[in-house]
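One structure below.
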Amino acid sequence: MKSASAKRGPRRTLMRALPVSPAVLLMLAFLAGPIGYCVYLAFTDLQLTGQAASSLIGFENFRKAFTDEDFLNAVWLTLVFTVLSSLVGQNTLGLGLALLMQRASKPLRTLTGGIVVTAWVLPEVVAGFLLYAFFQKQGTLNAILDFLHLPSQNWLFTLPILAVSFANVWRGTAFSMLVYSAALNEIPKEIVESAQVDGAGGWRRLWHITLPMIRRSIGTNLMLNTLQTLSVFGLIWVMTRGGPGNRSQTLPLYMYEEAFQNSMIGYATAVALLLLIVGSLFSLVYMRLLRTEV
Amino acid sequence: MNRRTQRRLAADLGLLFAAAVFVLPLAWVVLSALDAEANLKVKVPGSLTFDNFDAVLVDDVTFTPLLNSLILCGGATALVVVCAALAAYPLSRYRSRFNRPFLLTILFATCLPITAVMVPVYALFVQVDLIDTMHGTIFFFAASGLPFAIWLMKNFMDGVPKELEEAAWTDGASSFQSLLRIVLPLMGPGVSVVTVFSFVMMWGNFFVPFMLLIDPAQMPASVSINDFFGNRGQVVYGQLAAFSIIYSTPVILLYVLIARRLGGGFALGGAVKG
């Protein structure tokens with residue numbers, strides 16, 4: 001193949017690149033375009049209505065953001081949401097379920113797997129409604145707590161960020177579970193058995209053998225979970241609209257409010273750019289983890 | 001009881017507990033949809049009824065939004081699959097110094113939080129008059145789904161041995177013919193994973209149509225479902241639940257279909273690993 005392509009030169013190369021062009025054009029126009037526009041808009045004072053022209057205002061938007069309490073609140077809540085629901089919740093629970101599935105009997109494996117995966121496959125907004133009903137004052141959770149004679153409360157009002165974090169765990173754990181199940185199945189049986197023979201207990205085997213052997217999957221899973229969690233909008237929107245007040249307003253919801261309720265497109269884009277930069281950093285780390293495969 | 005049985009029993013109990021917790025919200029939607037007096041709690045209906053389904057199965061509540069969803073997601077999925085298959089072929093078959101940088105860029109784009117670009121996309125669409133159009137939204141959906149689709153498609157295509165094509169090449173088939181007649185049929189499961197995955201992601205997507213469409217008559221189900229709150233006065237939870245089931249069923253069926261075809265539900269988890 002190589003000699004043939006060398007003989008026919010650039011025309012051949014062009015013909016070979018041709019099939020890639022529809023995809024490239026689409027991505028340039030509708031993905032790279034908006035990202036470039038995002039970088040530009042972030043330095044302007046564009047507003048939604050009644051403004052003839054916007055002007056470049058340098059780093060003003062960013063300066064405003066870092067002195068704005070609502071922005072800092074959104075950053076903090078995004079951090080809480082990501083750590084609670086992605087790093088701790090989905091990741092640990094997903095690993096736990098995958099480990100239990102290795103030992104459990106087949107009917108229970110199928111049952112639990114089916115239920116957890118259904119929660120994952122449901123459209124985001126439907127998941128939002130289901131968990132809204134679950135956490136609502138007259139909802140299922142309080143009914144159960146009442147039945148157990150435990151104190152109930154209006155979860156979406158008292159602990160909104162905790163409620164939406166649980167919602168995200170409910171919705172997203174399946175992904176981690178699938179990734180870890182696949183990874184655990186690839187560990188050779190002999191290694192586990194020889195450790196058993198050597199008398200290593202359950203926790204020690206997990207810590208010294210299982211976890212090191214699936215560390216690449218752990219890295220991949222953490223990255224993808226975090227990226228996915230950073231961009232959750234619909235789930236929180238349906239459950240709390242970011243409220244009460246701004247007590248569950250993560251960065252995407254803050255960005256939306258600034259753009260459309262306060263008409264500050266330029267400022268909201270600056271926030272979007274910050275989110276995009278954080279996302280890009282995570283992407284780069286993820287690519288390092290996969291680097292052997294490209 | 002020996003230790004092995006004991007351990008299995010403990011694992012079974014753990015899974016049973018997790019299943020019980022995870023199933024509660026799902027039980028609510030199923031039971032409420034069949035209950036004339038549904039509220040926010042999980043409860044067994046006094047009498048089973050399909051009235052909620054009857055009430056929502058009318059044009060402007062169910063059929064129009066579902067048709068809109070189908071046009072949006074079907075159109076964008078078709079674009080994604082065709083463009084991804086064409087793009088993956090040279091990436092998988094020819095060696096070129098552009099492959100690696102291109103694939104790295106694709107992989108990078110796969111991970112970008114699309115939510116973050118929606119405000120600039122909105123501003124851009126207003127500028128170029130694509131706002132509130134179905135085709136504009138389809139193009140954006142397609143572009144945002146392409147990086148992952150190309151990545152998956154290329155990996156699946158790598159699994160089809162090149163030797164099978166070489167016979168066709170010596171018979172004078174063009175690369176396009178060999179892609180269409182030999183490679184794609186051989187990677188049927190791969191193509192269906194890409195198709196179903198793209199479609200399911202778009203079907204559930206709320207933010208993109210929420211931002212880019214304005215006219216309620218064009219809204220897909222993911223946005224119109226919010227009308228159960230607000231627009232129609234008191235929330236009828238039974239109807240909301242019934243609609244949720246109708247709206248979710250296609251993606252659940254599609255998922256089951258590909259999970260079967262690839263022997264277990266682990267295909268997507270495995271595919272994402274690379």
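None of the figures in this text is laboratory data; all of them are computed from the coordinates on show. Keep in mind it's a predicted model, so treat the numbers as computed, not measured. Glycine gets a Cβ as well: all are built from the backbone with ideal geometry, and neighbour counts include every protein chain shown.
Here, the protein assembly as shown yields an orientationally averaged convex hull projection of 30.9 nm² when only Cα atoms define the hull. Across peptide B:76-85, the average count of Cβ atoms from other chains found within 10 Å of a residue's Cβ is 2.
Per the Kirkwood definition applied to all pairs of different Cα atoms, how many angstroms is the hydrodynamic radius of the stretch A:69-118?
It works out to 12.8 Å.
Neighbours of A:Arg109 by Cβ distance under 15 Å: Lys/Arg scored +1, Asp/Glu scored -1, total +3.
If the convex hull of the alpha-carbon atoms of the stretch B:1-49 is projected onto planes in all directions, what is the mean projected area in square nanometres? Don't skip to the answer; put the middle values down first.
Numbers: hull surface 17.6 nm².
If I average the Cα hull's projected area over directions, I get 4.4 nm².
With θ taken as phi - 60° and the Karplus curve 6.51 cos²θ - 1.76 cosθ + 1.60 applied, the whole-hertz 3J(HN,Hα) list for the stretch B:122-129 is 4, 4, 5, 5, 5, 4, 9, 6 Hz, x standing for glycine and proline. The alpha carbons of the stretch A:69-293 stretch over 65, 50, 27 Å along the principal axes, in descending order.
Panel order for A:Glu190, B:Glu37, by other beta carbons found within 10 Å of each beta carbon, from fewest to most: A:Glu190, B:Glu37. Calculated [222 nm] ellipticity per residue, helices only, for chain A: -21000 deg cm²/dmol; basis is -39500 (n - 2.57) per DSSP H run with n ≥ 4, divided by all residues, nearest 500.
Neighbouring Cβ atoms from other chains, within 10 Å of the Cβ of residues in A:101-109, number 5 on average. Couplings 3J(HN,Hα) of the stretch A:260-274, computed from phi: 10, 7, 9, 6, 9, 4, x, 5, 4, 5, 4, 4, 4, 5, 4 Hz, in residue order, whole Hz [Karplus 6.51 cos²θ - 1.76 cosθ + 1.60, θ = phi - 60°; x for Gly and Pro].
Evaluated at q = 0.14, 0.20 Å⁻¹, a Debye calculation over the C-alpha positions of the stretch A:170-256 (equal weights, vacuum) places log10 I(q)/I(0) at -0.65, -0.92. Comparing B:Leu66, B:Leu253, B:Leu34 in a Gaussian network model of chain B, where Cα atoms under 10 Å apart are tied by springs, the biggest mean-square fluctuation is seen for B:Leu253.
Ordering of A:134-144, A:265-275, B:13-23, B:77-87 by packing is A:265-275, B:77-87, A:134-144, B:13-23, highest average first (other Cβ atoms within 10 Å, averaged per residue).
The Kirkwood radius of the stretch B:128-186, taken over pairs of alpha-carbon atoms, gives through the Stokes-Einstein law at 20 °C and 1.002 mPa s a diffusion coefficient of 154 µm² s⁻¹. Which shape class applies to the stretch A:1-160: rounded if a/c is under 1.5, otherwise prolate when a/b exceeds b/c and oblate if not, where a ≥ b ≥ c are the square roots of the Cα gyration tensor eigenvalues? Cα axes put the stretch A:1-160 in the oblate bin.
Principal axis extents of the Cα atoms in the stretch A:112-188, from largest to smallest and rounded to whole angstrom, are 48, 28, 21. Dipole orientation for the protein assembly as shown: of the candidates B:Tyr94, B:Ile106, A:Pro19, B:Tyr94 has the Cα lying most toward the positive pole (charges on Cβ; Lys, Arg +1; Asp, Glu -1).
Scanning residues 5 or more positions from A:Val232 or on other chains, none has an amide H under 5 Å from its amide H, with H placed 1.01 Å from N in the peptide plane.
In this Cβ point-charge picture (+1 for Lys and Arg, -1 for Asp and Glu), the protein assembly as shown has a dipole of about 2560 debye about its Cα centre.
Under a 5 Å amide H cut-off, with hydrogens placed 1.01 Å from N, A:Thr44 pairs with A:Ile57 among residues at least 5 apart or on other chains. Where only DSSP H runs of four or more residues are counted, chain B gives -22500 deg cm²/dmol as its mean residue ellipticity at 222 nm, each run worth -39500 (n - 2.57). For the residues B:Trp203, B:Trp169, B:Trp28, a GNM of chain B with alpha-carbon springs under 10 Å puts the largest fluctuation on B:Trp169. Each residue of the stretch B:57-64 is assigned a 3J(HN,Hα), and the resulting list reads 7, 10, 3, 7, 8, 10, 5, 4 Hz, derived from the Karplus form 6.51 cos²θ - 1.76 cosθ + 1.60 (θ = phi - 60°), x at Gly and Pro. Farthest towards the positive end of the charge dipole of chain A, among the residues A:Met213, A:Leu235, A:Ile277, is the Cα of A:Met213, using unit charges on the Cβ of Lys, Arg, Asp and Glu.
Take peptide A:127-137, look around each residue's Cβ out to 10 angstrom, count Cβ atoms belonging to other protein chains, and average those counts.
6
Beyond 31 Å, the tail of the calculated P(r) for chain B holds 44 percent of the Cα pairs.
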